[in-house]
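Below is one structure, written out as structure tokens; comments come after it.
The values are calculated or read from the model by the stated rules, or taken from the named source; none is laboratory data. Model, not experiment: these values are computed from the prediction. Heads up, the Cβs are rebuilt from the backbone with ideal geometry, glycines too, and the neighbour counts pull from every protein chain shown.
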Amino acid sequence: MDVGIVEELSRMLAGRRVVTEEEVRRKAIRCAFKILGPKLADVDDVLIEEVACSLIDCPISLKSLHFSEKVKIGDVFFYHLHTERPEREDFEEAHEEYLKSKEFLNNLKPMQDTTDRFFQGYSVRGNYLREYFKENRRYYVFYSTIEDVYEDVEKHLEIARKADGEYVVVVPTEKELNPFLKFFKRYSEDAKRSELKVWVVNPETKTIDPFIGYPKDFKLLKGFKNPKAAALVSTYWRVDVKELD
């Protein structure tokens, strides 16, 4: 296991007193991406399980946080630091992150199935980051949420600039539009300059639409439910987006 991933995850969770395993797993995927980049396609599920375990059950680094104390509230298991006495607000924050993380982890397989079908005819490898390749074309696809992409955007822009192929972040649909508006307002131009693509999957219908950017393999356009979606977003939202917090 790469200790750097564990230490990055510990930095990401710094200041937190209470977590759930679901949150740790979701953020472990983000940290593995930050440390490994496209090489994340070379690793399997075991890496993420080991990283999550290292923060809860079996720490492997002195720089790693250790949420060793276990508490069950309702149907949810919470873990907190042995050296801290958590308050109600700590559990409320952890529960909010739990809901986000559980939803993302539940959506991961439908998103993967959708991109596998979208890239039909391409060879594929990888799990949390999939690499699709055919002849001289290569696509790297990472699965996240639009809010997490907002937080990790500098790394995504860096990968998009350096990848030996096209780089796509696939996110699930959200109940609210604001996270997409916020991302578009702040980072759409940066994404276009770096050729970072962001596409949106509806996990229930397993359909995919472009949010920012199109594939250079135009034969893939027929796989979008609405191939003109990104152009419509660019046309209308650039005019109508208002100031957001």
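Return the residues of the range 112-127 that are within 15 Å of Asp44 (Cβ to Cβ) and surrounded by 15 or more Cβ atoms within 10 Å (Cβ to Cβ); say none if nothing qualifies.
Gln112, Val124, Gly126, Asn127
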Filtered residues of the range 196-216 (kept if among the charged types (D, E, K, R), farther than 10 Å from Thr173 by Cβ and surrounded by 15 or more Cβ atoms within 10 Å (Cβ to Cβ)): Lys197, Lys206
- line: Within the range 37-56, of all residues that are touching a residue at least 60 places away in the same chain (Cβ under 8 Å) and in a helix (DSSP H, G or I), the one surrounded by the fewest Cβ atoms within 10 Å (Cβ to Cβ) is Asp45
query: Of these, Lys109, Lys102, which one is without any contact (Cβ under 8 Å) to a residue 40 or more places away in the chain and either assigned by TED's automatic domain parsing to the domain that holds Glu23 or within 21 Å of Leu47 (Cα to Cα) (or both)?
result: Lys109
field: Selected residue (only one of Ser10, Ser64 is farther than 27 Å from Val171 by Cβ and of a type in the set (Gly, Ala, Ser))
entry: Ser64
query: Tally time: how many residues in the range 2-13 are among the acidic types (Asp, Glu) and part of a helix (DSSP H, G or I)?
result: 2
- prompt: Right, Val201: among the aliphatic types (A, V, I, L, M), in a strand (DSSP E or B) and in contact with a Pro (Cβ under 6 Å, 6 or more places away or on another chain) or not?
  reply: yes
statement: Note on the range 204-233: residues more than 25 Å from Lys185 (Cβ to Cβ) and part of a helix (DSSP H, G or I) are Phe218, Lys219, Leu220, Leu221, Lys222, Gly223
field: The listed residue being part of a loop (DSSP other than H, G, I, E, B) and surrounded by 14 or more Cβ atoms within 10 Å (Cβ to Cβ), out of Arg16, Arg30, Arg26, Arg130
entry: Arg16
statement: Going through the range 135-162 in order, the residues found to be touching a residue at least 40 places away in the same chain (Cβ under 8 Å), over 10 Å from the mean Cα position of the chain (by Cα) and not in a helix (DSSP H, G or I) are Arg137, Tyr139, Tyr140
- prompt: Which of the residues that make up the range 175-189 are of a type in the set (A, V, I, L, M) and surrounded by 12 or more Cβ atoms within 10 Å (Cβ to Cβ)?
  reply: Leu181
